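The values are calculated or read from the model by the stated rules, or taken from the named source; none is laboratory data. All figures in this text were calculated on a predicted structure; none of them were measured in a lab. Quick reminder, even Gly has a Cβ in these numbers, built from the backbone with ideal geometry, and neighbours come from all protein chains shown. These accessible areas exclude ligands, DNA and RNA; they are computed on the full protein's heavy atoms, side chains included. Shrake-Rupley method; radii C 1.70, N 1.55, O 1.52, S 1.80 Å.
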Amino acid sequence: MAEEVENFEPKIVAFLCNWCSYAGADLAGIGRYQYPPNVRVIRVPCSGRVDPLYILKALQNGADGVLVSGCHPGDCHYIEGNYYARRKFAVLKNLLEALGLEEGRVQFSWVSAAEGERFSQVIREVTESVKKLGPARRMVKSFEIPKEIEKEIAEA
Amino acid sequence: MDIQSEIQKIAARLLKNKEVAMVIGYGAGSAPNRTAPVFIDKEKDVGKLVFNRFCVNNLSLYLPRLKEKGKIAIVAKPCDVRTIVCLIQEKQIERDKVHIISFACPGLLEKDGKTLFASCAECAVTLPPVYDTLSGEAKEMERNEPFTDRVADFFSKMPAERWEMFKAEMEKCIRCYACRNACPMCYCEECFVERSLPRWIGEGSEVTDTMIFHIVRAIHTAGRCGECGACARACPMDVNLAPLAKQIREDMLNLFHHQAGVDPNAPAALETFKPDDYNDFIK
Amino acid sequence: MKDKILLKENLVSFGNSLIEQYRLIAPVKSNGFSLYKPVGNASEICLDYLRPLKSAKEIFFPQNETLFFFNKKTQKIAEPAYDKKPTILFGAVACDLAGIAAQDRLFSAGAYLDSYYLKRRRNSILIGMACPEPGEMCFCGFFGIDRFASDIADLFFTPFSDKYYIKVNTEAGARLVESLPDAAAADAKTVERLRCENAEPKWDIPPLDELARMLAEGFEADVWDEIAQKCIGCAACTFVCPTCHCFDITDEAKGEIGRRVRTWDGCMFPKFTLHASGHNPRTKGGQRMRQRILHKFSYFKDNQGVVSCTGCGRCAEICPVNVDIREVLKQLGEACERKS
Ligand code: SF4
Ligand code: SF4
Ligand code: SF4
Ligand code: SF4
Ligand code: SF4
Ligand code: FES
């Protein structure tokens, strides 16, 4: 168990808005800024497109952390998408933490298309903090499939 | 005159003058501590209208589905009026198609007839923010009955323990969705839990599926919830939904200075924004 | 088989003697209401209640049940392991036992054997408990259900003074109470007297045969819409009902692995009859209410020989808008009278 946590490489789902954070990730790549390979990126048109339900589904399907990143306030391609999103996210984050989900499982950032280095920095921070929390368990759906059965049906 | 007789009188007048096509109110239930919604369209039936402290439903849930009947009068507690205001704001009903009969609310009692409902004990709006006719005086009523605090204990715990408590409540849920169906603000023709393309949550009562239902429903009611407590009272399993409601209410108030359905001109909290909204939680 | 006596003070030790060999399920109180739940120690059993909030049906027909697991890639399936320890349902009230009897008929009707239900049911022993006083919403008596006896129970307990009178109905039951003292003839008389004293009240509902006629004639009656107007379609009534047995089957998967689950469904959900084409033959609340009532009082009777309402009153008790099935039947009766 202790070992599991030590060698633990979290799976992090990152919803990145197409116009800023996704471009920021691209720039990080072009600029060869290193960041941990733990994020699975999902490109969305705008941070305002991210329904709280998506975040919960990611957690339910076993994501150890979820990051939503969009344009800085005032810079949203759709003018105000991220302003609405910000209100929703504040409510979601506070609610999840009020119910007792670990603080830091769900994180948010603003990263612009010009901030390649900052993008890598954000990913490093998020990965580190989720690593500290250990594997997610609280919201993960279980099929309660016994190990032997899983093995039995996996063999062709 | 007491609230009940005034309601009957107002209803009789409205029906007689053909000002409304129907009055939705509370009628006698099948036990002394119950009431049931009644739909009255004849003046001679107004005697069926009752008012007591067991009027647990929020009748405004029927307004959108009955709107083709014409103008409707509704008996509404102040909290119910808040959801009517929200329904008007959300264009589910028209202001001039509803006649609101309200009153200063004495608060509701649990089935034991002695304990005040927690939502009533914490009620912030005991006088109707909007109405067409008022029965009784517009005077705050005292509520001295004891009530069971269902959040203090929860919020005094550490996160891991809170999660366990939340989970235990979710395990009680049988996913009948009575809470949702009793809520006037959950008027979606197809709720996300019932969608099958894609299917967002499993059909059964697996606990994380149930959690997602309740968390998302809480968020969907954020800034629109009139705090009537009808959802909690509808639950056959007595699932404690109060911590979710409380957290949402506090956020609406503290982060966005918003109380749903109190001011017809104030947009719902999540339908608007300010450039300098709370931003500290974002990297 | 001789009837037996158990002192109330020995109930806990009796219960605990069963726990070793059986999975004991009994009414347990928590959060102010009781539910049938597995008990680890018989002291948890709570008999100071009316009837548990939910019926006993989920013991044999759980709300969620994994039928099998599958692997999409290998195309192989496997059923979950099944706990072979036999179950004892202790403290079941007469309306619940009648509910189990109705489900027995359905799940083992002729050619249609429901193996999932039957593997649990066949490996179980039922111990009934007399209900001393019907609740506010109860009307089991209307159906002639005897609160003080049940044929389907292996054993049936009736509390009196400081004892339980145990009616032994089956060999399996007899084995459980072998070591207990025999009941005296006087005890049998006392219990019989109790039963007579609790004779049926009169019900203000049209009698069953008349109901059948009304239902047959009233299929298109407007009264259904009237009755259903306040219903919010939560189907909680069908979930707590001891006889409702509708279910849905869905697949859930994560990656290659998944499971097929069977979950309760109910005809009061607006989507209950939604077809894949998008067509829904029951779009109105009145049609759904009619289905529920007709299934209970007409179709089930035609198909299985008994009505599928046991008068437990749970649906009336938990309905958020106080749709009380007794009132519904009364309203139907009145509507038919109006017509004729
Ligand atoms: S929970 Fe959300 S989607 Fe479902 S009915 Fe309520 S508002 Fe609509
Ligand atoms: S969420 Fe509950 S308290 Fe809020 S409006 Fe809906 S029913 Fe009322
Ligand atoms: S009413 Fe209660 S049991 Fe039904 S879905 Fe809501 S919380 Fe769950
Ligand atoms: S419990 Fe009541 S409101 Fe819910 S479906 Fe049944 S009759 Fe309708
Ligand atoms: S059709 Fe309705 S009444 Fe009949 S068993 Fe199914 S849920 Fe119950
Ligand atoms: S487009 Fe980037 S947040 Fe809206």
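Data table
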read-out: Summed buried accessible surface, chains A and B, 1.4 Å probe, nearest 100 Å²; value: 3700 Å²
read-out: Accessible-area composition of segment C:8-83, carbon plus sulfur, in percent [1.4 Å probe]; value: 49 percent
read-out: Dipole moment magnitude, nearest 20 debye, segment C:106-204 about Cα centre, only Lys, Arg, Asp, Glu C-beta charged; value: 340 debye
read-out: At q = 0.09, 0.17, 0.21 Å⁻¹, base-10 log of I(q)/I(0) for segment C:95-220 (Debye sum, equal scatterers on each alpha carbon); value: -0.37, -1.04, -1.24
read-out: Global geometry of segment B:161-283, whether rounded, prolate or oblate, following the gyration tensor of its Cα atoms and the 1.5 cut on a/c; value: prolate
read-out: Farthest toward positive dipole pole in chain C [+1 Lys/Arg, -1 Asp/Glu at C-beta], among C:G141, C:S108, C:Q75; value: C:Q75
read-out: 10 Å Cβ neighbours from other chains, averaged over peptide B:271-278; value: 4
read-out: Student exercise, chain C dipole from Lys, Arg, Asp, Glu Cβ charges, in Debye to nearest 20; value: 1080 debye
read-out: Solvent-accessible surface (1.4 angstrom probe) belonging to C:L180, in square angstrom, nearest 10; value: 30 Å²
read-out: Alpha-carbon Debye profile of the protein assembly as shown, log10 I(q)/I(0) at 0.09, 0.11 Å⁻¹; value: -0.97, -1.35
read-out: Helix axis angle, B:159-172 relative to chain B longest principal axis, alpha carbon, degrees; value: 50 degrees
read-out: Relative frequency of Cα-Cα separations exceeding 36 Å in chain B, percent; value: 16 percent
read-out: Unsatisfied cross-links (Cα-Cα over 23 Å) in the set C:K57/C:K85; C:K54/C:K163; A:K147/C:K84; A:K11/B:K246; C:K202/C:K330; value: C:K54/C:K163; A:K11/B:K246
read-out: Contour excess over end-to-end distance, with Cα ends at C:S277 and C:D48 and 0.36 nm allotted per residue; value: 77.4 nm
read-out: Ranked by how many other beta carbons lie within 10 Å on average, peptides B:74-86, C:202-214 from highest; value: B:74-86, C:202-214
read-out: Sites C:V306 and B:E94, calculated FRET efficiency, Cβ-Cβ separation with R0 45 Å, nearest 0.05; value: 0.35
read-out: Which of C:N41, C:N31, C:V261, positive extreme of dipole for chain C (C-beta unit charges); value: C:V261
read-out: Fully extended contour minus Cα-Cα distance, from C:F219 to C:S30, at 0.36 nm per residue; value: 63.8 nm
read-out: Summed buried accessible area for B+C [probe radius 1.4 Å, Å², rounded to 100]; value: 2700 Å²
read-out: For segment A:13-75 and segment C:1-69, distance of Cα centres in Å; value: 51 Å
read-out: Antiparallel bridges, percent of DSSP beta bridges restricted to chain C (to nearest 5); value: 80 percent
read-out: Accessible area per residue in Å² at 1.4 Å probe, computed on chain B; value: 42 Å²
read-out: Heavy-atom accessible area per residue - segment A:2-155, 1.4 Å, Å²; value: 44 Å²
read-out: As computed over segment C:143-292, the Cα convex hull volume per residue (Å³); value: 235 Å³
read-out: FRET E, pair A:F8, A:I30, Förster distance 25 Å, beta-carbon r, rounded to 0.05; value: 0.25
read-out: B:T115/C:E136 FRET efficiency (R0 22 Å; Cβ-Cβ; nearest 0.05); value: 0.75
read-out: Alpha carbon Rg of segment A:2-155, scaled by the compact-globule rule 2.2 N^0.38 Å; value: 1.12
read-out: Stokes-Einstein D for chain C, Kirkwood Rh over Cα pairs, 20 °C, 1.002 mPa s (µm²/s); value: 98 µm²/s
read-out: Euclidean distance between Cα centres, segment B:1-37 to segment B:187-236, Å; value: 31 Å
read-out: Fraction of antiparallel bridges per DSSP, the protein assembly as shown only, in percent to nearest 5; value: 55 percent
read-out: Solvent-accessible surface (1.4 angstrom probe) belonging to C:E20, in square angstrom, nearest 10; value: 150 Å²
read-out: Average partner coverage of A:55-64, which counts Cβ from other chains inside 10 Å; value: 3
read-out: Alpha-carbon centroid distance for the pair segment B:246-283 / segment B:97-147, whole angstrom; value: 25 Å
read-out: Dipole-positive endmost among B:G202, B:G226, B:F256 within the protein assembly as shown (Cβ charges, Cα centre); value: B:G202
read-out: Full-stretch length increase - C:S115, C:K2 - with 0.36 nm per residue and alpha-carbon distance subtracted; value: 37.3 nm
read-out: Percent carbon-and-sulfur accessible area, segment B:3-135, ignoring ligands, DNA and RNA, probe 1.4 Å; value: 51 percent
read-out: Cut-off 20 Å (backbone N to label point 7 Å along Cα→Cβ of A:E144), residues of segment C:7-29; value: C:22-28
read-out: Within 10 Å of each Cβ in C:74-80, the average number of Cβ atoms from other chains; value: 4
read-out: Kirkwood-Stokes translational diffusion coefficient of segment C:208-339, alpha-carbon pairs, 10 °C, 1.306 mPa s, µm²/s; value: 100 µm²/s
read-out: Cα centre as origin, Lys/Arg/Asp/Glu Cβ charges: the protein assembly as shown dipole, Debye; value: 1080 debye
read-out: Stokes-Einstein D (µm²/s) once Rh is taken as the Kirkwood radius of segment C:220-269 over alpha-carbon pairs, at 25 °C in 0.890 mPa s; value: 184 µm²/s
read-out: Where Rh is the Kirkwood radius over Cα pairs, Rg/Rh for segment B:3-135; value: 0.95
